[in-house]
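Novice: There's a structure below that I have some questions on.
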Amino acid sequence: MSIDRDKILFAILAGGQSKRFGGGFKTFSKIDGEKILDIIIKKLKKYSRDIIINANSLKDFKSINQPIVMDKLNGFLGPLAGIHTSMSYAKNKYVNKEWIFTVPSDTPYLPENLLDKFLETFDNQNIKILIARSNNRHHPVIAMWHISLLQNLEDELKSKNYKIMYWVKKHNYKFVEFNSDQEKNFFNINKKKDLSNAKKINFYNFI
């Protein structure tokens, strides 16, 4: 039982408004002179060249050399809307893809064994969702989603449910367990002080 790596499309979810960060796009903030978004793209390119970015401002992201995909549903509906958009885009533009692997645009220190752990965990073809978890804390935006769930997710959004885990629990899913000492690799930058704290620590040695 395995997933073909070539059938995975990676999607960076950057469609939010960064309200807790004070506005703007926190993914353009720099750590050691490099944009958070560029750090994430570089990491994902170790796994695949097939990477899209879900963002709701084409103007601000136009310089990024990856496909930029805006939410199909209006209103800044959160990560579920980004997952839905990525699935829909893959179905139309990447017809060979079966899975969407999503990561947030504010988590630059993802573990080096990220994809390997996901692929190792998949042991049942009935599993349609895989979600990262470390130290008993799940990270629902760092996840793999089977494209067959597209219509069901669209119906869920139209029913005005925007909570990821509420929808996830309606399907066959499994947590991907990372070592407790890898919790730091899922550090995400929500506020300006998070960025300041991140700059004080050398996260690049984390694996």
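The values are calculated or read from the model by the stated rules, or taken from the named source; none is laboratory data. If you're wondering where the values come from, they're calculated on a predicted model, not measured in any experiment. Virtual Cβ from ideal backbone geometry, glycine too; neighbours counted across all protein chains shown. For accessibility, only protein heavy atoms count, side chains too; no ligands or nucleic acids. Shrake-Rupley method; radii C 1.70, N 1.55, O 1.52, S 1.80 Å.
Novice: Rank 5, 49 by accessible area, highest first, at a 1.4 Å probe radius? Kindly include the intermediate steps, with their values, before the conclusion.
Specialist: On the way: 5 105, 49 170 Å².
Sorted by accessible area, descending: 49, 5.
Novice: Further question: Compute the Cα gyration tensor for segment 78-182, then decide on rounded, prolate or oblate, letting a ≥ b ≥ c be the square roots of its eigenvalues: rounded whenever a/c is under 1.5, prolate when a/b is larger than b/c in the other cases, and oblate in all that remain.
Specialist: Verdict is prolate for segment 78-182.
Novice: Then there's this: How many percent of DSSP beta bridges within the chain run antiparallel, rounded to 5?
Specialist: Given both bridge residues lie in the chain, the antiparallel proportion sits at roughly 40 percent.
Novice: Right, something else. Can you put 173, 109, 166 in order of accessible area, largest first, using a 1.4 Å probe?
Specialist: 166, 173, 109
Novice: Return the long-range amide H neighbours of residue 52 (sequence gap of 5 or more, or a different chain), with a cut-off of under 5 Å between placed amide H atoms.
Specialist: 10, 11, 12
Novice: Could you provide, to the nearest whole Å², the per residue accessible area of the chain with probe 1.4 Å?
Specialist: Averaged over the residues of the chain, the accessible area is 50 Å².
Novice: Students often get this wrong, so try it: which of (1) 19.3; (2) 20.6; (3) 17.3 is Kirkwood radius over Cα pairs in Å as calculated from the structure shown?
Specialist: (3)
Novice: How large is the helix-only mean residue ellipticity at 222 nm for the chain, computed as the sum of -39500 (n - 2.57) over DSSP H runs with n ≥ 4, divided by its residue count, in deg cm²/dmol to the nearest 500? Working shown, then result.
Specialist: Values: 7 runs with 58 residues, N = 207.
Dividing the helical sum by the residues of the chain leaves -7500 deg cm²/dmol.
Novice: By how many nm would the segment from residue 6 to residue 95 lengthen if fully extended, with 0.36 nm per residue of separation less the alpha-carbon distance?
Specialist: Taking residue 6 through residue 95 to full extension adds about 30.9 nm, to one decimal.
Novice: So, one more: Charges only on Cβ, +1 for Lys and Arg, -1 for Asp and Glu: so what's the dipole of the chain about the Cα centre, in debye to the nearest 20?
Specialist: Dipole about the Cα centre, nearest 20: 680 debye.
Novice: Then there is this: Ignoring ligands, DNA and RNA, what percent of the 1.4 Å accessible area of the chain is carbon and sulfur?
Specialist: On the way: 4660 of 10280 Å².
The value for the chain is 45 percent carbon and sulfur by accessible area.
Novice: Turning to a different aspect of this structure: Could you order 139, 171 by accessible surface area, starting with the largest, using a probe radius of 1.4 Å?
Specialist: 171, 139
Novice: Determine how large the accessible area of residue 34 is when every protein chain is in place; take a 1.4 Å probe and give Å² rounded to the nearest 10.
Specialist: Solvent-accessible area, nearest 10 Å²: 50 Å².
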